[in-house]
Every structure is written in C-alpha cells, then in structure tokens.
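As structure tokens, the structure follows; a few thoughts come after it.
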Amino acid sequence: MKRSPMTARGAEQLRAELKRLKSEDRPRVIKAIAEARSHGDLSENAEYHAAREQQGFIEGRIREIEARLSTAEIIDVATLNAGGRVVFGATVDLEDQDDGSKVSYQIVGEDEADIRAGRISVGSPIARALIGKTGGDVVDVAAPGRTRSYEIVAVRYV
C-alpha cells in the first residue's frame, strides 16, 4: 500500500473533520431521515430524498477520510532538521528573480494544499523544483505562459 505524506497539522484537521461528521452531521441527518419518514409516502417525499442524498455524501466523506488517515505517513515538521535543505514540511521563503516579489510556501501533502494559506502540494511543479535545494539556490519553475526563476531566501522547519 502506498503511503502518502501528511503533516501532523493536516492529520489533526482530518481527525477533527471526521469527529464532526460522526458526532454531529451523521446524527443530524439520521434524525432528518426519521422525521421525513414519519410524513408518509416516501416516493414523493423530497425531504426524505434530500436527507438520504446528504447521508450518502457524509458516509462517503467519512470513508474517504478514514482511508487517507490509514495510508498517511505523518511527519512532524517541528522535529525536522534537514540541514537547510528543502524537504516535505519545510517552509520556504522565495524571491522572484524577475520582479523581486517575495513569497513563502510550506510544502505539504495533497490533502492539505491551500495556495491562499501558503501551503503547496508536494506534487506541485514548484514543490518538485524546490525539493533537495538549499538557501541561496535559484530554481526555475515552469509556470503558465513562461518559466519563472526564484531564489531560495530561507528554509524553515516550523
């Protein structure tokens, strides 16, 4: 079975979502189904069908989260020390070589990626270009329309 990397924070977020789905959302939809059943004829009961559909989504998401957690290789970023190299979980400060703009990204698992929050997937083109590099290195990343060059300003393990 293929293990997929995940930060400890990402695993905790999935566990919290799983707990919410099981302890709040699932009981709520079961109650809604029971209430809709009490209204009689199920064939024309839109509330019943909507609740059953929602139950299907919840159960599917529960199975998906449980599967991801079971195959996750949880990496605690705080214990990392890769000697200044960019590795999974590292936060990398970059400077665009064209316009001098600065940006920071943390390299995380696919389920945790959120570009607006500065978290990029380990499988993304920029993360693949950064892995194994150190501070001061310049990397070229194929971006839509052109290739961008970034200098690695700092590598942090936070």
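May I ask for the net charge around VAL141, where only other residues with Cβ less than 11 Å from the Cβ of VAL141 are counted and Lys, Arg are +1 while Asp, Glu are -1? Here the charged neighbours net out to +1. Taking a straight Cα-Cα cut-off under 30 Å and skipping sequence neighbours fewer than 8 places away in the same chain, the lysines within cross-link reach of LYS133 are LYS2, LYS102. Remark: the Cα gyration tensor places the stretch 77-156 in the oblate category, a/c being 1.5 or greater and a/b not exceeding b/c. What's the local net charge at SER104, with K and R +1, D and E -1, over the other residues with C-beta under 12 Å away? Net local charge, SER104 excluded: +1. The phi torsions of the stretch 104-109, fed into the Karplus equation with coefficients 6.51, -1.76 and 1.60 and a -60° offset, translate into couplings of 10, 10, 9, 8, 10, x Hz, rounded to whole numbers, with Gly and Pro shown as x. A cut-off of 5 Å between modelled amide H atoms, ignoring neighbours fewer than 5 places along the same chain, links VAL153 with ASP93, LEU94, GLU95, GLY136. Helix 26-37 and the longest principal axis of the Cα set of the chain meet at an angle near 30°. Computed from Cα positions, the angle between helix 46-71 and the longest principal axis of the chain comes to roughly 40 degrees. Run the numbers on the chain and let me know its relative contact order in percent, using alpha-carbon pairs under 8 Å that are six or more apart. So the answer I get is 24 percent. In order along the stretch 6-11, the Karplus-derived 3J(HN,Hα) couplings, from 6.51 cos²θ - 1.76 cosθ + 1.60 at θ = phi - 60°, round to 8, 6, 4, 5, x, 5 Hz, and Gly and Pro are given as x. A simple count of charges around GLY83, restricted to other residues whose Cβ falls under 14 Å of its Cβ and scoring Lys, Arg +1 and Asp, Glu -1, yields +2.
From the coordinates of this entry, P(r) over Cα pairs in 10 Å bins from 0, in percent is computed, and it appears in (i) 11, 40, 32, 12, 4, 2, 0; (ii) 10, 29, 22, 16, 12, 7, 2, 0; (iii) 9, 25, 21, 18, 11, 9, 6, 1, 0 under the label (ii).
Rule-based calculations on the coordinates, nothing more; no lab input. Computed from a predicted structure; not experimentally measured. Glycine gets a Cβ as well: all are built from the backbone with ideal geometry, and neighbour counts include every protein chain shown.
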